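The values are calculated or read from the model by the stated rules, or taken from the named source; none is laboratory data. The structure displayed is predicted, hence computed values, not measured ones. Because the Cβ atoms are built from the backbone with ideal geometry, glycine has one as well, and the counts that use them run over all protein chains shown. The accessibility values were calculated without ligands, DNA or RNA, using every heavy atom of the protein model including side chains. Shrake-Rupley method; radii C 1.70, N 1.55, O 1.52, S 1.80 Å.
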Amino acid sequence: MANKYRVSVVHVDDIAAAVRRGIALLGGIERLVRPGAEVVIKVNMFTRATPESAKVTHPAVALEVARLCHEVGAHVSVVERSPHYDFIFRGYEEIEQVARLISLDDAPHRHRFLPGARSLSVQIPWPDLLDACDVFINIPGLRTHALTKYSNGMKNLMGLLPQDTTRYIHEFGLDGSICDINYYRPSDLVVTDAIYTLEGNFPSEGAPVKTDLLTFADNVVAADLVGTEIMDVDPGEVFHLQEAIARGMGPTSRDEIEMVGDDLKELAAGFRITPAPRDPTPYKAKFNLLAEHVCDSCRQALAGGLLAVSHRSGLAEMEGVTIV
C-alpha cells in the first residue's frame, strides 16, 4: 500500500523551473486549483529584508506559485501582515499582474473562537478571506528558532493574525496555539523555501546558508517532518509538531511519507545548519541563574535571550544579576 503522504524535493538551479517541477511531482496544480477558485497564498514577508537574508520567502517562489494558479484561471491573493511588499518584490513586479498583494494588518476580519482550539481559547481576529478561499497555499522559509527550535510550515501561520495580535499566541502557549491555527485552517499545499536557510539564534539573530532546495507537500505535518530532516533537528523536540501528530493532523513519522524527486539525503549532506541555543547552563558562571525547574521551552527562550544580549551589549555590565 502506498503511503498516504507525499513530499517532493527539488534541487534549485532555476527557481521557476524548480517550482513547476516540484508541483508536477505532486500531480500538478490542477489537482488543487480549479478555474474561478479563490486562492490565498500565505508568504513569510513580515520584515523588510532581501531573499538572500533567508528572512523572507523568496519572491521568485511566490511569483511562480501565483503564476501557476493564475494560469489555471484562479483568483489569487498573496497575504502577510506586511507593509514591505514594494521592497521585497522589487524586480518581481509581475506579481501584481497575477495576484493581489494584501496586508493582513488592513484586511477585513472578525473576532471569533477557533473551533477545536485547545490552547488558543479566546476570540482572535481572524481574516475573512481565509474562510472565503477555496485553496490555501503556505510558503514558509526554513529556519532555526530560539523559541520553537525550528520554523517551517506550521509556524508560518502565526502571521495570519494582524498587527500585534500575535501576542495571543505567546500568551496562551506558543506551541499549542500554533497547532490550533493549523488545525482550523489546514494548508492545501506547502512549498518550503529552503533556497536560503536561516541558522542560529533567530529571531534575535541568524545567518543565511545557501541550501538550494524546495520541498512540496499537501500536508503541513509531512512538510515539517521533512524540514526537520533537512536541518538535522529531532522532530521529538519540536513541540508544536509533536502536538499536531498527537492530534492526528498528519503522518506520525518520516516513515509514513513517500519521497519523490531529488535525493534529500544526498542534497542535505552538503551543508550543516547551526541550531539555536537550547541550554542556559553555560551562563551560570555570569549570573545567579534560577532555572533548574522550568520547562524546556522556557530554558530555550532564556538561552536564546542571553546569547543575544551577549552579542549586542556584552555581559560584563550584567554580571551578578539574578535571573529567575
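Ranking 57, 281 from most to least accessible surface, computed with a 1.4 Å probe over the protein chains only, gives 281, 57. Our coupling estimate for region 156-162, obtained by passing each phi through the Karplus curve with A = 6.51, B = -1.76, C = 1.60 and θ = phi - 60°, is 4, 6, 3, x, 6, 8, x Hz, Gly and Pro reported as x.
Counting heavy atoms of the protein chains alone, residue 90 has an accessible area of about 150 Å² for a 1.4 Å probe.
Taking 27 Å as the straight-line reach from the Cα of residue 55, the lysines in range (excluding those fewer than 8 positions away in the same chain) are 42, 149, 155, 210, 265. Ligands, DNA and RNA left out, the accessible area of the chain computed with a 1.4 Å probe is 50% carbon and sulfur.
With distances taken between every two different alpha-carbon atoms, region 39-162 has a Kirkwood hydrodynamic radius of 15.1 Å. Karplus-derived 3J(HN,Hα) values for region 214-230, using 6.51 cos²θ - 1.76 cosθ + 1.60 with θ = phi - 60°, are 10, 10, 9, 8, 9, 8, 6, 5, 4, 4, 6, 4, 5, x, 5, 5, 4 Hz; glycine and proline are entered as x. Given their separation in residues at 0.36 nm each and the Cα-Cα distance between them, residue 110 and residue 247 gain 46.7 nm when the chain is fully extended.
Under the simplified labelling scheme, the residue 321-residue 170 pair shows an inter-label distance of 1.6 nm, with each label point 7 Å from Cα along Cα→Cβ. Seen from every direction in turn and averaged, the convex hull around the alpha carbons of region 146-292 projects onto 10.4 nm². Report for the chain the percent antiparallel among DSSP-assigned beta bridges with both residues inside it, nearest 5. Expressed as a percentage, antiparallel bridges in the chain total about 45. When only Cα pairs below 8 angstrom with a gap of at least 6 residues are kept, region 145-253 shows a relative contact order of 30 percent. For residue 142, the residues 5 or more places off, or on other chains, whose built amide H falls under 5 Å of its own are 193, 198.
Between region 147-206 and region 227-270, what is the C-alpha centre distance in whole Å? First find each Cα centre; the distance between them is then 16 Å. For residue 213, the residues 5 or more places off, or on other chains, whose built amide H falls under 5 Å of its own are 12, 194, 195. Listed options for Cα Rg over 2.2 N^0.38 Å are (1) 1.49; (2) 1.06; (3) 0.99. The value calculated from this structure is the one marked (3).
What is the extension gain from residue 93 to residue 234, computed as 0.36 nm multiplied by their sequence separation minus the C-alpha to C-alpha distance, in nm to one decimal? Additional length available on full extension: 46.9 nm. Across region 172-238, Cα-Cα pairs more than 16 Å apart make up 58 percent of the total. When 265, 55, 284, 155 are compared by accessible surface with a 1.4 Å probe, the order from highest to lowest is 265, 284, 55, 155.
Think of region 38-94 as a dipole: +1 on every Lys or Arg Cβ, -1 on every Asp or Glu Cβ, centred on the Cα centre; then among 47, 65, 75, 47 lies furthest on the positive end. A 1.4 Å probe over all protein chains sorts 136, 46, 113 by accessible area into 113, 46, 136, starting with the largest.
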